[in-house]
Amino acid sequence: MRRKFKILLGVILFLIILVTIIYLAITFMPKAKIRDYKEIDKIEGYSYVLEDRDTSLMQENFAKLKEVLKEKEVDYKLYAEYLSKLFITDLFTLDNKDSKYDAGGTNYVFPSVLENYELNVTDTLYKYLESKENRAKEKYPIVSNINLLSIEEGNYTYNKNEYKSYIVNLEWSYEKDLGYYTKGEVVLIENDSHLYVVSFKGVE
């Protein structure tokens, strides 16, 4: 009886140690490294930067946004249009991302929702994106063109605070159609004279 007890105790201890090792391995496993890219342009007073990996479409809309934000009286509809275009182009251009953890569009997202946004992108759109080091000839989307469909002004409530908002509807295309969204609605809010993305909804 004592021998059976010792064996049972040994099995239980082994399982506890095994579960602990697996938990620690998962918890402290380093995420795929995200490279440092060269900053080629930025907009003073804002967190918007352009990197050398960004596409020509990103560069084009970044330059337009920069001109809008230089004005003494900012046209917030134009601001919302170009920011939404940058957000969508960066989010759905997966080809230049390092891994599933390199979520696009983060520069434009409201800080309070950023963590949830990154988790959502990682678990859905970027879920099967392999790291560049492990990529063979897998094809990932590159947004090649984007057009504004409509902008509506409104109000948006977040954490019991009400913000002025802009609902922006866009359509876009890719260098190669791989079955990703081609239309969507971006909701932006105004906070301290800055616009931030708080919501995105793709349309089939």
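The values are calculated or read from the model by the stated rules, or taken from the named source; none is laboratory data. All values reported here derive from a predicted model rather than from experimental measurement. Using ideal geometry, Cβ is built from the backbone for each residue, glycine included, and neighbour counts are taken over all protein chains shown. We work out accessible area using only protein heavy atoms, side chains counted, and drop any ligands, DNA or RNA first. Shrake-Rupley method; radii C 1.70, N 1.55, O 1.52, S 1.80 Å.
In the assembled protein chains, Asp123 presents an accessible area of approximately 100 Å² (probe radius 1.4 Å). In percent, rounded to a whole number, the relative contact order of the stretch 82-204 is 22, using alpha-carbon pairs under 8 Å and six or more apart. Applying 0.36 nm per residue to the separation of Asn191 and Glu60 and subtracting their alpha-carbon distance, the gain on full extension is 44.6 nm. Taking Cα centroids, how far is the stretch 138-196 from the stretch 39-65 in Å? Computed from Cα coordinates, the inter-centre distance equals 17 Å.
Given their separation in residues at 0.36 nm each and the Cα-Cα distance between them, Tyr46 and Asn134 gain 28.2 nm when the chain is fully extended. Residue by residue, the stretch 50-58 carries 3J(HN,Hα) couplings of 10, 10, 5, 8, 6, 6, 5, 5, 4 Hz when phi is fed to the Karplus relation 6.51 cos²θ - 1.76 cosθ + 1.60 (θ = phi - 60°); x denotes Gly or Pro. In the full protein context, the stretch 102-204 carries 59 Å² of accessible surface per residue, based on a 1.4 Å probe and ignoring ligands, DNA and RNA.
Sorting 75-87, 184-196 by their mean Cβ neighbour count within 10 Å, with the most densely packed peptide first, gives 75-87, 184-196.
Computed on protein heavy atoms with a 1.4 Å probe, the accessible areas place Ile151, Ile40 in the order Ile40, Ile151, largest first.
Need one word for the stretch 90-204: rounded, prolate or oblate. Basis is the Cα gyration tensor (sqrt eigenvalues a ≥ b ≥ c); a/c below 1.5 gives rounded, then a/b vs b/c decides. Note, shape of the stretch 90-204 comes out oblate. Classify the stretch 127-176 as rounded, prolate or oblate from the Cα gyration tensor: take a ≥ b ≥ c as the square roots of its eigenvalues, call it rounded if a/c is under 1.5, otherwise prolate when a/b beats b/c and oblate if not. Taking the square roots of the gyration eigenvalues as a ≥ b ≥ c, the stretch 127-176 is oblate.
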